[in-house]
Structure formats: structure tokens, C-alpha cells
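The values are calculated or read from the model by the stated rules, or taken from the named source; none is laboratory data. Being a predicted model, the structure only gives us computed values, none of them experimental. Positions of Cβ are backbone-derived with ideal geometry, glycine not excepted, and every protein chain shown enters the neighbour counts.
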Amino acid sequence: MEKTVTTVQSNKPIWFFIACWTLFNIIQSATLEIHADEAYYWIYSRFLAWGYFDHPPMVALFIKAGYALFQNEFGVRLLTICCSSIALYVLWLIAKPYRVQPKWFILVVSGMFIFNIYGFTTTPDVPLFLFTVLFFYVYKQYLERDNLKLTLLLALIIACLLYSKYHAVLVIGFTILSNPALLKRKSFWLMAAVATVLFLPHILWQVNHGYPTITYHLFDRSEAGYRIDQTLGYLPAQLAMGGPFIGWFVFYAAFRKRATDPFKRGLMVNAAGTFIFFLLNSLKGIVEPHWTLIAFVPLVILALIYITETDRPYQWLQRLAIINVVFIFTLRTCLVFGPAWIRKVEQFKSYYGFKEWAHLVKQKAGNHYVVMSEGFQNPSKYNFYNNTVTCLSYDARDYRRTQYSLWPIEDSLQHKRIYYVLNRFQQGVTTDTIKNMAGSWYAGWVDDARSYQKVQISCAQKHVKARPGQSLQFYVTITNPYPFAINFANHNAKHPVFLETCFFIHTTPVDVQQADSTFNAIQIPVGKTARYTVKVVAPKQKGLYDLFFSLRTEPFTGSRNSSYIKFTVE
């Protein structure tokens, strides 16, 4: 009886903490404008599918469910609030058997900056966080009791992990690496089979769309080359994610003791493995601090276990943790009220002024389609705040492809009068200026708009070496993915189209060469292809270039219609 009373008492501070946590997330979610990424994923929910260019579909379902109840920012974030609170409680259920004190759980968890971010911001990381916590909770039980119920439950959670974000592969892989004995369990293979079957719709989506995600991450990304600041910046960013003042101790405590059982070893391998994986990724490009979210789940559990097992008062740590929590709480409160100084911080600008901006653009554009050429962020905000999907993000050649290259928005604006919005002045195009606290934009009307953003140009050659100024030929296949026939004729066309071969060094154009007029004779029926020979002259300067083919229609800057070809001039 005494044990039961102690258990109930120990839960009271946790329930109170989670209630306060939930309430604060509700306030923040209801008062902050939509973030650019959230607006992008909101459009996901308007075009439900088994997959998307950037991510699996779980975030779209989360937003769809919340937005069905509340058609505003709060609705987009509703399930995020719920999932954050559930995840923290399940995290407590994992830590509790190790005699972790509620005081330390509250101080450490509420002081983790990365957990605060995903308490009110809806991205694919939110379901990833929830299902990662659930995975470790059920995995611990599965190690103790190998039965059908836990096997199927873990299979379902693994499938949900994969449907949340591709980083889930790291959780699965490092868990198996930490405990190879799992491979000897018959139930493990049943679990793998069930999870694969559940994830099959997304795999088929990738197959049917030409593996866009895999192609982008493995072949269509141009790296700028190694910069030491990418690696040096990675390390302090991770400490900050663990808590601006206590992050260093969380890392220290988590890896202070050796793992004594398969579950702790799984936690340690997942934490260490994920941080090392992204550290190595910093050698070839920028690593966003939040990409390691899945590592902070095992990290915080290990740190709390260490604090408990050392059985020290840690009064200095308690004071530091309180300062840490107050700092984060103050920062989040400032986000709610939006003082002038915080609106100037680059990471927070996206939360302010764009609702008014979207309405100002709408006043100019009316019911016409809108095209923007500055990434997917602002077009998504325009669509969200005007409850529409009539704004297209033009994926320019110096940017990258996005889900806008797959959605049918571009199909609908062909040969219509559109409103073109830019973040720079363009002579002969922009006649309007739109200004508010979010910034300045320039816009103008384009009659009989014509674009070929979805057209795919493929080439068998992936690596080419040439002498400076050498003439070459590329045999390309041009595919028409539109539900209507296309042609590249310029006769009687208001806006001519050009096929251009682009030599870039990362995002900087070095040389652009235009195909001759024989290209303009090409006509391609629905779903068909055409072959064409492109004549190219190698740059005169020796070096390594990214070559790709681009279709440019005035007044647009040209889209990137092919994968990169690594071009070496030697």
C-alpha cells in the first residue's frame, strides 16, 4: 500500500509540469503567425498523398486532423501540442523505473531547447519525436517479453517512424547495431515484415514518381565544398539544443558510464551514432541543428539515469538548470509578444508580418494565379493566409526542386494572366511595390504565362571530363509529365522558351549556353518523350563544375530540369 502511495505522489509533479507545458504551448501556438515550413506542410495536407518530394506523409495527416477543427495557426499546431505532451509523459515512464526524481526530469527536459521548439512548431520532426519516444518505450518491454502483441506494436511504431521522417532509419539501424542478438529472434523478422508491408504504399509512391527524394538527396544536390565552420558550428549548436546552460552537462552525463544492459546500450549507440553520423555529414555540407532530434531522446534518458545513480545533491546543477529554464521561458514569452528586437533576429523573422503581407499581395492579385521565385517559404504563406493553392513557387535554377514541382498548380496557370512577385526589382516586369514590416517585394503582371518547370531532361552521362573550350554533344531525353501536349515553338508566342546548358559552381552560374533553334521544333504528346542532341562547349577555366539543363521562359529565370552532371575541365 505504501509503495502505491509513493508512486501516485511521484506522478503529481509530472502531471502538473505537463499541464503547464501544454498550456504554454497552446498560448504560443494561438498567438504566433505561421512559420514558413509549417505553411509548406499545410499545403501537403491540401494534396494528401503517400509521399512528398521532401518527406513522408505523416506531417500532412497531423495538420489535416488539427486544421479540420480549427482553420488557423492553432489548428495546424493542435496535434503538435498533443504529441509533445504525450511524448514527454512517455519519456517519464521510461525514466521512472530508474528512480529518476521528478525534480530532475522537469528541470532537464523543460530546459532542452530542442524539445521546446517542437512543442509548438509543426514539422515532420514532431511525429518523429513522438514515435521515437514510443519506440524506446515499447522496445524496452520487447527486450523483457518477446510476445506477439509487443512485436506487432513495435512494427506499427516503426512504420509510423518511417512515415514521419527518413531519419527514422538511423533509430532502427543503430538499435540493431547495438543488439545483433535481435536478428536471432523469429519475432524480429515478423516485425520487419509487418513494418515493410505497412510502409509499402510510400515505397510504391517513390517508385511511381521516379524516386524524387532519393534522387534529390543522392544525386541532385550540389555541395559547396568543405568549410571548417560547418564542423566547428555543429558542435556548439548541439550543446545549445540540449540546453544553452546545461547542454554540456547533459552530454557529459549521458556518456559518463558504460551501458550495463541491452536497453541502455541501445540508448547509448543511438545517441552517439546519430551525433557522429551528422558530424561526418558536416564534412560535406551544412547540418541543421534540429536534425539530431532523435538523438536527444536517448541522451536525456541516459543523463537522468546518471544523475540518479551518482546520488549527489548537485545543487550547482539545480541552480544552473533553473537559470536555463528561465532563459528559455523568457525567450519563448518574447516570441509571443514580439518586441522589435526579436523581429530582427533571422531565426524568428518568419513569425511576424506575413499575414498582412499575404493579404496585401492578394489585394493586388485578386483571384489570379500568383508566381513567386524565392523558394517555397513565402508562396506557402501566401497560400495559407488566403486559404488557397493558387500561388506557385517557381523552382529557379539557382535554388532546388520542391514539392511545387510535383503539385498540379503549375498545370493550371499555363497561358493565363498571372501576378509575378519578386524580392528584387526587375526592369520591364515589376511595376508594383509591396512593403510592410516583413520586408519589401516587387511585382507585376505577366500575360499568357508559359513555364516548363515539371519537364524532365535526362542524360546517360553522369561524369564528364573535357579540355578547356572542347566541343561536346549530349544526347538527352525530354519527358512531358503534364496532362496536356507541350511544344517549344516560339512563333506567335508572347514569351519565348530557350533550352540552356548551365555550368554552375554550387549555386553560382559560371556559363550559360543556349541551344540552337532546332530545339523549338520539338512537340511532345502527353506522357511521351523526345530525343534531342545538345551541343556544348566546355568552359575555358579548369575546374569542377555542375552541369544541368534548364528551360527558361521569359520573364522567369529558368528552372532546373535535369540532374547534375559532374563536369571536370582539366
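Out of the residues in segment 349-384 that are in a loop (DSSP other than H, G, I, E, B) and closer than 21 Å to S45 by Cβ, state the one that is modelled with the highest pLDDT. I'd like the intermediate steps shown before the answer.
Within segment 349-384, the first condition is being in a loop (DSSP other than H, G, I, E, B), and the residues that meet it are 352-353, 366-369, 373-376.
Keeping just the survivors that are closer than 21 Å to S45 by Cβ gives 369, 375-376.
On the way: Y369: 97, G375: 89, F376: 93.
The selected residue is Y369.
Kindly indicate the residue of segment 460-472 that is at pLDDT 95 or above and polar (S, T, N, Q) and also nearest to Q523 (Cα to Cα) among those meeting that condition.
Per the criteria, the residue is S471.
For segment 499-517, what are the residues that are assigned to a strand (DSSP E or B) and among the β-branched types (V, I, T)? Don't jump to the end; show me each part of the working.
Of the residues in segment 499-517, the ones assigned to a strand (DSSP E or B) are 499-505, 508-514.
Within segment 499-517, T501, I505, T508, V510, V512 qualify.
Can you list the helices (runs of 4 or more DSSP H) lying wholly within segment 235-319 that have 1 or more residues being in the same structural domain as L134 (by TED's automatic domain parsing), touching a Pro at 6+ places or on another chain (Cβ under 7 Å) and hydrophobic (A, V, I, L, M, F, W, C)? Give the steps one after another, and end with the answer.
Working: elements: 247-254, 262-281, 293-310.
Correct list: 262-281.
Looking at this structure, is L499 in contact (Cβ under 8 Å) with a residue 40 or more places away in the chain, in contact with a Gly (Cβ under 7 Å, 6 or more places away or on another chain) and of a type in the set (A, V, I, L, M, F, W, C)? Write out each step before concluding.
Values: in contact (Cβ under 8 Å) with a residue 40 or more places away in the chain: yes; in contact with a Gly (Cβ under 7 Å, 6 or more places away or on another chain): no; of a type in the set (A, V, I, L, M, F, W, C): yes.
Judged against the criteria, L499 is not a match.
Pairs under 7 Å by beta carbon, first residue under 19 Å from V510 (Cβ atoms) and touching a residue at least 40 places away in the same chain (Cβ under 8 Å) in segment 453-471, partner part of a loop (DSSP other than H, G, I, E, B) and acidic (D, E), six or more apart or different chains?
Filtered contacts from segment 453-471: K465/E570.
Looking at S405, S373, which is the one that is crowded, with 16+ Cβ neighbours inside 10 Å, touching a residue at least 60 places away in the same chain (Cβ under 8 Å) and touching a strand residue (DSSP E or B) at 6+ places or on another chain (Cβ under 6 Å)?
Values: S405 fails: touching a strand residue (DSSP E or B) at 6+ places or on another chain (Cβ under 6 Å).
From the options S405, S373, the qualifying one is S373.
When both residues are 6+ apart or on different chains and their Cβ atoms are under 6 Å apart, which pairs have a first residue that lies in segment 378-389 and is in the same structural domain as G439 (by TED's automatic domain parsing), and a second that is surrounded by fewer than 21 Cβ atoms within 10 Å (Cβ to Cβ) and charged (D, E, K, R)?
Close Cβ pairs (under 6 Å, with a partner that is surrounded by fewer than 21 Cβ atoms within 10 Å (Cβ to Cβ) and charged (D, E, K, R)) amount to Y385/K355; N386/K362; V389/R46.
Restricting attention to segment 431-457, which residues are among the polar types (S, T, N, Q) and more than 26 Å from V497 (Cβ to Cβ)? Let's see the steps before the verdict.
We begin by selecting, within segment 431-457, every residue among the polar types (S, T, N, Q); these are 431, 433, 436, 440, 451, 453, 456.
The answer is T433, N436, S440.
Out of segment 262-272, which residues are in contact (Cβ under 8 Å) with a residue 60 or more places away in the chain and out of contact with any helix residue (DSSP H, G or I) (no Cβ under 6 Å at 6 or more places or on another chain)? Write out each step before concluding.
Restricting attention to segment 262-272, the residues satisfying the condition of being in contact (Cβ under 8 Å) with a residue 60 or more places away in the chain are 262-263, 265-270.
Result: M268, single match.
Scan (1) farther than 28 Å from T213 by Cβ; (2) in a loop (DSSP other than H, G, I, E, B) for the single condition E346 breaks and write down its number.
Result: E346 fails condition (1) only.
Examine segment 330-346 for a residue that is closer than 17 Å to L32 by Cα and under 19 Å from the mean Cα position of the chain (by Cα), and state whether such a residue exists.
We begin by selecting, within segment 330-346, every residue closer than 17 Å to L32 by Cα; these are 330-346.
Now narrow it down to the ones that are under 19 Å from the mean Cα position of the chain (by Cα): 346.
Yes, that holds for at least one residue.
Of these, L335, L360, which one is touching a residue at least 60 places away in the same chain (Cβ under 8 Å) and over 24 Å from F120 (Cα atoms)? Walk me through how you get there before you give the answer.
Details: L335 fails: over 24 Å from F120 (Cα atoms).
Criteria check complete, one pass: L360.
Only one of these is modelled with pLDDT of 95 or more, outside any helix (DSSP H, G or I) and touching a Lys or Arg at 6+ places or on another chain (Cβ under 9 Å): I478, I457. Name it. Give the derivation first.
Working: I457 fails: touching a Lys or Arg at 6+ places or on another chain (Cβ under 9 Å).
Every option except I478 fails the conditions.
Here's the yes/no breakdown for (1) within 30 Å of I565 (Cα to Cα); (2) crowded, with 18+ Cβ neighbours inside 10 Å:
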position	(1), (2)
D411	yes, no
H415	no, no
Y420	no, yes
G439	no, no
V446	no, yes
Q470	yes, no
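Quick check: is even one residue across segment 346-361 among the β-branched types (V, I, T), surrounded by 15 or more Cβ atoms within 10 Å (Cβ to Cβ) and either closer than 20 Å to Q377 by Cα or assigned by TED's automatic domain parsing to the domain that holds D37 (or both)?
Step one: filter segment 346-361 for residues among the β-branched types (V, I, T), giving 361.
With the extra rule that they be surrounded by 15 or more Cβ atoms within 10 Å (Cβ to Cβ), the set shrinks to 361.
Keeping just the survivors that are either closer than 20 Å to Q377 by Cα or assigned by TED's automatic domain parsing to the domain that holds D37 (or both) gives 361.
Yes, segment 346-361 contains a residue that is among the β-branched types (V, I, T), surrounded by 15 or more Cβ atoms within 10 Å (Cβ to Cβ) and either closer than 20 Å to Q377 by Cα or assigned by TED's automatic domain parsing to the domain that holds D37 (or both).
So that you can scan it fast, the table gives a plain yes or no per residue for (1) within 23 Å of T123 (Cβ to Cβ); (2) surrounded by 14 or more Cβ atoms within 10 Å (Cβ to Cβ); (3) of a type in the set (A, V, I, L, M, F, W, C):
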{"position": "I158", "(1), (2), (3)": "yes, yes, yes"}
{"position": "H167", "(1), (2), (3)": "yes, yes, no"}
{"position": "T175", "(1), (2), (3)": "no, yes, no"}
{"position": "K184", "(1), (2), (3)": "no, no, no"}
{"position": "L198", "(1), (2), (3)": "yes, yes, yes"}
{"position": "T213", "(1), (2), (3)": "yes, yes, no"}
{"position": "Q230", "(1), (2), (3)": "yes, yes, no"}
{"position": "L235", "(1), (2), (3)": "no, no, yes"}
{"position": "L239", "(1), (2), (3)": "yes, yes, yes"}
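Please determine whether any residue of segment 48-55 is surrounded by 16 or more Cβ atoms within 10 Å (Cβ to Cβ) and either assigned to a helix (DSSP H, G or I) or of a type in the set (V, I, T) (or both).
Checked segment 48-55: no residue is surrounded by 16 or more Cβ atoms within 10 Å (Cβ to Cβ) and either assigned to a helix (DSSP H, G or I) or of a type in the set (V, I, T) (or both).
Kindly indicate whether N387 is outside any helix (DSSP H, G or I) and over 22 Å from S451 (Cα atoms). First the steps, then the outcome.
Values: outside any helix (DSSP H, G or I): yes; over 22 Å from S451 (Cα atoms): yes.
Spelling it out, N387 is indeed outside any helix (DSSP H, G or I) and over 22 Å from S451 (Cα atoms).
Condition check: touching a Phe, Trp or Tyr at 6+ places or on another chain (Cβ under 6 Å) and within 21 Å of Q456 (Cβ to Cβ). Does Q514 satisfy that? Steps first, answer last, please.
Details: touching a Phe, Trp or Tyr at 6+ places or on another chain (Cβ under 6 Å): yes; within 21 Å of Q456 (Cβ to Cβ): yes.
When the stated conditions are applied, Q514 passes them.
Go through segment 68-103 and give me each residue that's closer than 26 Å to V336 by Cβ and either in contact with a strand residue (DSSP E or B) (Cβ under 8 Å, 6 or more places away or on another chain) or of a type in the set (D, E, K, R) (or both).
Hits for segment 68-103 are E73, R77.
Please name all residue pairs, on different chains or six or more residues apart, with Cβ atoms under 8 Å, provided the first residue is in segment 168-187 and is within 16 Å of M268 (Cβ to Cβ) and the second residue is basic (K, R) and assigned to a helix (DSSP H, G or I).
S178/R265; N179/R265
Could you tell me whether F74 is closer than 20 Å to A30 by Cβ and either outside the structural domain of S29 (by TED's automatic domain parsing) or surrounded by fewer than 22 Cβ atoms within 10 Å (Cβ to Cβ) (or both)? Steps first, answer last, please.
Details: closer than 20 Å to A30 by Cβ: yes; either outside the structural domain of S29 (by TED's automatic domain parsing) or surrounded by fewer than 22 Cβ atoms within 10 Å (Cβ to Cβ) (or both): yes.
Against the criterion (closer than 20 Å to A30 by Cβ and either outside the structural domain of S29 (by TED's automatic domain parsing) or surrounded by fewer than 22 Cβ atoms within 10 Å (Cβ to Cβ) (or both)), F74 qualifies.
Determine whether Y142 is of a type outside the set (A, V, I, L, M, F, W, C) and under 14 Å from the mean Cα position of the chain (by Cα). Break it down into steps so the answer makes sense when it comes.
Working: of a type outside the set (A, V, I, L, M, F, W, C): yes; under 14 Å from the mean Cα position of the chain (by Cα): no.
It is false that Y142 is of a type outside the set (A, V, I, L, M, F, W, C) and under 14 Å from the mean Cα position of the chain (by Cα).
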